[in-house]
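Asker: Submitted below is the structure of interest, expressed as structure tokens.
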Amino acid sequence: MADDKDVLRDVWFGRIPTCFLLNQDEVTEREAEPYYLLLPRVSYLTLVTDKVKKHFHKVIRTEDAEEMWFEYEGTPLKWHYPIGVLFDLHASNTVLPWSITVHFKNFPDRDLLHCPSHSVIEAHFMSSIKEADALKHKSQVVNDMQKKDHKQLWMGLQNDKFDQFWAMNRKLMEYPTEDGGFRFIPFRIYQTMSDRPFIQKQYRPVSPEGNVHTLGDLMKAMYPVALSNEGEPKRFQVVIHGIEPLLETPLQWLSEHLSHPDNFLHICVIPVPSD
Amino acid sequence: MSDNAESPTETPKEEAQPPPDDTSINDEKKKIDVLLKAVGDAPIMKTKKWAVERGRTILSLSQFISRFLKLEGSEQLFIYVNQSFAPSPDQEVGILFDCFGSDNKLVLHYCKSQAWG
């Protein structure tokens, strides 16, 4: 029987086979070959695509090249969203590999944040962890950590070091036994069908009466449209890390085991594929 | 970026007009109270309390504060929630209010250099 800790590893090592293609409008000195890469679900596009940039810089005029950005079927991909979330939201239920178009011109300022260096990614990642802990522990755990502990979380993600990351992250997953869970669960619900960014609110893992809240309870409270009524055909999938966890799963367990390294549960609501 | 998207409220709001019909207002247009606090050598805003539309982003608010304080183009502004984290520039204030507001307002600290990392 799989241990709960195996789930942590499966989440960390999730990969998406991806094919990077240069935008046809880019001026090239010779034919641009596609570049294939296995992308970590839990990382960020600009953190893991230095090789992609290097590959395409060989064929384009680098004097003309501006900041690299990515797009899928016309939608600019936000680098500050975890890769797995971008895939589940835009490209799940499509044939692999995931085909991403690479651009070096016309950066869409309205849709994307700039990412001039890895330190910007680090700042964003650490802020997310701090925001999550503000919800879980009123920031007490993250504030009790030293600067070198924070650095260890980042280095673990950057260098794909599961043990290094979790040696520190386990502290952020603890809670007083008498509380039964975190103060509030850090979550974000993304919907493809609306242009609203995401749903994020205060939500307790255990009700004041002591009832354990499930994924279904969360969806009912935050986005009931995602759930189908009895007898009706299912219209939406509630997806975390590319799978549909049972709606009966306790939310506290999901938060401890299926959160991203940023300590947020990123939940995608997508329409059921019509074959 | 229009400044008339927010109205300064320094004292408890007087009912100068009938309360708006909530059902007709798009959720993003509803306003929440934001209290701006200066940190370090950042200039103090003459008006600290603002009613801001929920859908307004941190970037938009940051640009507004910079213009209001007449900061140089090169001067950066950092905004913090709970004196602990810097929200993403595209984060909406309405969500921050829901998650981190207290006493019916969202307190945001701003400074010209990184304060809380």
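The values are calculated or read from the model by the stated rules, or taken from the named source; none is laboratory data. It should be emphasised that the depicted structure is a prediction, and the values quoted were computed from it without experimental measurement. With ideal geometry, Cβ positions are generated from the backbone for all residues, glycine too; neighbour counts draw on all protein chains shown. Heavy atoms of the whole protein, side chains included, go into the accessibility calculation; ligands, DNA and RNA do not. Shrake-Rupley method; radii C 1.70, N 1.55, O 1.52, S 1.80 Å.
Asker: Counting only residues that are in contact (Cβ under 8 Å) with a residue 24 or more places away in the chain and farther than 16 Å from A:L254 by Cβ, which one in segment A:200-224 is surrounded by the most Cβ atoms within 10 Å (Cβ to Cβ)?
Answerer: Restricting to residues being in contact (Cβ under 8 Å) with a residue 24 or more places away in the chain and farther than 16 Å from A:L254 by Cβ, the top hit is A:Q202.
For every residue, the table says whether it meets (1) aliphatic (A, V, I, L, M); (2) closer than 25 Å to A:V48 by Cβ.
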residue	(1), (2)
A:I121	yes, yes
A:I129	yes, yes
A:Q152	no, yes
A:D160	no, yes
A:D163	no, yes
A:E174	no, no
A:D179	no, no
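Asker: On the given criteria, is A:W166 out of contact with any strand residue (DSSP E or B) (no Cβ under 9 Å at 6 or more places or on another chain) and within 13 Å of chain B (Cβ to nearest Cβ)? Working first, answer last.
Answerer: On the way: out of contact with any strand residue (DSSP E or B) (no Cβ under 9 Å at 6 or more places or on another chain): yes; within 13 Å of chain B (Cβ to nearest Cβ): no.
It is false that A:W166 is out of contact with any strand residue (DSSP E or B) (no Cβ under 9 Å at 6 or more places or on another chain) and within 13 Å of chain B (Cβ to nearest Cβ).
Asker: Please go through segment A:96-128 and give me each residue that is within 10 Å of chain B (Cβ to nearest Cβ), touching a residue at least 12 places away in the same chain (Cβ under 8 Å) and of a type in the set (S, T, Y), ordered by number.
Answerer: Scanning segment A:96-128 gives a single hit, A:S128.
Asker: To continue, here is another question. List the number of the failed condition for A:K147; all other conditions in (1) open to solvent by 60 Å² or more (accessible area, probe 1.4 Å); (2) facing another protein chain (nearest Cβ under 10 Å); (3) under 20 Å from the mean Cα position of the chain (by Cα) hold.
Answerer: All conditions pass for A:K147, except number (3).
Asker: Name the residues in segment A:17-43 that are crowded, with 16+ Cβ neighbours inside 10 Å and either over 19 Å from A:P97 (Cβ atoms) or among the hydrophobic types (A, V, I, L, M, F, W, C) (or both), would you?
Answerer: A:F20, A:L22, A:E26, A:A32, A:L37, A:L39, A:V42, listed by residue number.
Asker: Residue by residue through segment A:129-142, note down the ones that are at the interface with chain B (Cβ under 8 Å from one of its Cβ atoms) and either open to solvent by 10 Å² or more (accessible area, probe 1.4 Å) or touching a strand residue (DSSP E or B) at 6+ places or on another chain (Cβ under 7 Å) (or both).
Answerer: Within segment A:129-142, A:K130, A:E131, A:A134 meet the criteria.
Asker: Given (1) touching a Gly at 6+ places or on another chain (Cβ under 9 Å); (2) farther than 29 Å from A:K161 by Cβ, identify the lone condition not met by A:P40.
Answerer: Failed condition: (2).
Asker: Just to be sure I understand the filter: pairs with C-beta atoms under 7 Å, separated by 6 or more residues or on different chains, first member in segment A:7-24 and in a loop (DSSP other than H, G, I, E, B), second member open to solvent by 20 Å² or more (accessible area, probe 1.4 Å) and among the polar types (S, T, N, Q). Which pairs pass?
Answerer: A:N23/A:T101
Asker: Given the conditions (1) more than 28 Å from A:Q140 (Cβ to Cβ); (2) modelled with pLDDT of 95 or more, which single one is not true for B:V34?
Answerer: The one condition B:V34 does not meet is (1).
Asker: Please specify each residue of segment A:25-56 satisfying the condition of being closer than 25 Å to A:F264 by Cβ and in a loop (DSSP other than H, G, I, E, B).
Answerer: Residues satisfying the conditions are A:R41, A:V42, A:S43, A:Y44, A:T49.
Asker: Continuing with this model, one more query. Which of the helices (runs of 4 or more DSSP H) found entirely inside segment A:80-162 contain at least 1 residues meeting this: closer than 21 Å to B:I58 by Cβ?
Answerer: Of the helices (runs of 4 or more DSSP H) lying wholly inside segment A:80-162, those with at least 1 residues that are closer than 21 Å to B:I58 by Cβ span A:83-90, A:118-137, A:140-144.
Rundown of residues vs (1) within 14 Å of chain A (Cβ to nearest Cβ); (2) open to solvent by 60 Å² or more (accessible area, probe 1.4 Å); (3) in contact with a Gly (Cβ under 9 Å, 6 or more places away or on another chain); (4) assigned to a loop (DSSP other than H, G, I, E, B), yes/no style:
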{"residue": "B:I44", "(1), (2), (3), (4)": "no, yes, no, yes"}
{"residue": "B:G55", "(1), (2), (3), (4)": "yes, no, yes, yes"}
{"residue": "B:R67", "(1), (2), (3), (4)": "no, yes, no, no"}
{"residue": "B:G73", "(1), (2), (3), (4)": "no, yes, no, yes"}
{"residue": "B:Q76", "(1), (2), (3), (4)": "yes, yes, no, yes"}
{"residue": "B:Q83", "(1), (2), (3), (4)": "yes, yes, no, yes"}
{"residue": "B:P89", "(1), (2), (3), (4)": "yes, no, no, yes"}
